[in-house]
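Have a look at the structure below, then the notes.
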Amino acid sequence: QAALARRRVPPALARRLLKDDNAAIRRLTVLALAASGTLEATKVLIEMEAERNWQVRVAQLLAFAQLPSLPEAEPFLVSRLQERNTAWSALAALAIGRVGGEGVVGILLRNQRSALRSPKLLALGSLIGRMPAHPKAEEVVSYLAQWAQAPKGARLTGFFEVYAALWALAATGREDAREVLLQRAVEFDSPVLRGVALRLAGATKPPTLDV
């Protein structure tokens, strides 16, 4: 009910509920914290004990897309990039794209997990869109352009990576990224990919990960 009403959840109560044996109660508490939209809620979620229930973990990672950013959230989310469960690490990458600071750009560029590539591309585009003067902005655009190539073979994940790279280029809001999109709109054999690249290049506003 607190989540639906967007009421402030007292931190002391939230901390107590997050230790409840019932996973459903822990999950509802996370949802209520996310809905509150407060810095206190962010702090409480960072302080959460290691959670094994997958539904609670997913709710916790998704909550960072709704809450104000705190410097303390960054190392927490970066550590989650190494999760065995790729769905969890993907959510962490997307959360980093929304709330991460300057330092995480290099961390994402160095991350070589193939299963994490699409969310990593989205996160990089979002980060540069938020920090257009970042010293690695040109490097990121170049990296995104490498993945915004026609996929080889019929590998489905290859298409996901191309779509993610195209979206990320548009999300940077940079003119050099827009030029890559226009170039791809001419080069792609696929009419679908050409249309996606052209629409993103002509968008009036860069896409974002904001919810």
**Asked** Tally Lys and Arg at +1 and Asp and Glu at -1 over the other residues with C-beta under 12 Å from the C-beta of A168: what net charge comes out?
**Response** +2
**Complete:** Sorted by accessible surface (1.4 Å probe, heavy atoms of the protein chains only), largest first, F160, F188 come out as F160, F188
**Item:** On Cα atoms only, tilt of 137-147 relative to the major axis of the chain in degrees
**Value:** 70
**Prompt:** How large is the helix-only mean residue ellipticity at 222 nm for the chain, computed as the sum of -39500 (n - 2.57) over DSSP H runs with n ≥ 4, divided by its residue count, in deg cm²/dmol to the nearest 500?
**Reply:** -19500 deg cm²/dmol
**Around A59: net Lys/Arg minus Asp/Glu count, Cβ-Cβ under 11 Å** = +2
**Prompt:** Given the pairs K43/K120; K19/K136; K136/K205, which are separated by over 30 angstrom at their Cα positions?
**Reply:** K19/K136
**Asked** Against the longest alpha carbon principal axis of the chain, how many degrees, from 0 to 90 and to the nearest 10, is the axis of helix 86-99 turned?
**Response** 80
**Request:** First compute the accessible area of segment 24-80 with a 1.4 Å probe, then give the percent of it belonging to carbon and sulfur atoms.
**Result:** 56
**Asked** So what is the accessible area of the chain per residue, in Å², with the probe set to 1.4 Å?
**Response** 53
**Prompt:** Once phi is turned into ³J(HN,Hα) by the Karplus curve 6.51 cos²θ - 1.76 cosθ + 1.60 with θ = phi - 60°, what whole-Hz value does each residue of segment 199-206 show in order, with x for glycine and proline?
**Reply:** 5, 5, 5, x, 5, 6, 10, x
**Message:** Taking 2.2 N^0.38 Å as the expected size of a compact globular protein, what ratio does the Cα radius of gyration of the chain give against it, to two decimals?
**Reply:** 1.10
**Asked** For R84, what is the net charge nearby, where nearby means another residue's Cβ is under 14 Å from its Cβ and Lys, Arg count +1, Asp, Glu -1?
**Response** +3
**Request:** Mind jotting down the three principal axis lengths of segment 46-89 based on Cα atoms? Whole angstrom, largest first.
**Result:** 24, 18, 18
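The values are calculated or read from the model by the stated rules, or taken from the named source; none is laboratory data. What you are looking at is a predicted structure, and each value in this text was computed from that prediction instead of being measured. Positions of Cβ are generated from backbone atoms using ideal geometry, with glycine treated the same way; all protein chains shown enter the neighbour counts. Only protein heavy atoms, including side chains, enter the accessible area calculation; ligands, DNA and RNA are left aside. Shrake-Rupley method; radii C 1.70, N 1.55, O 1.52, S 1.80 Å.
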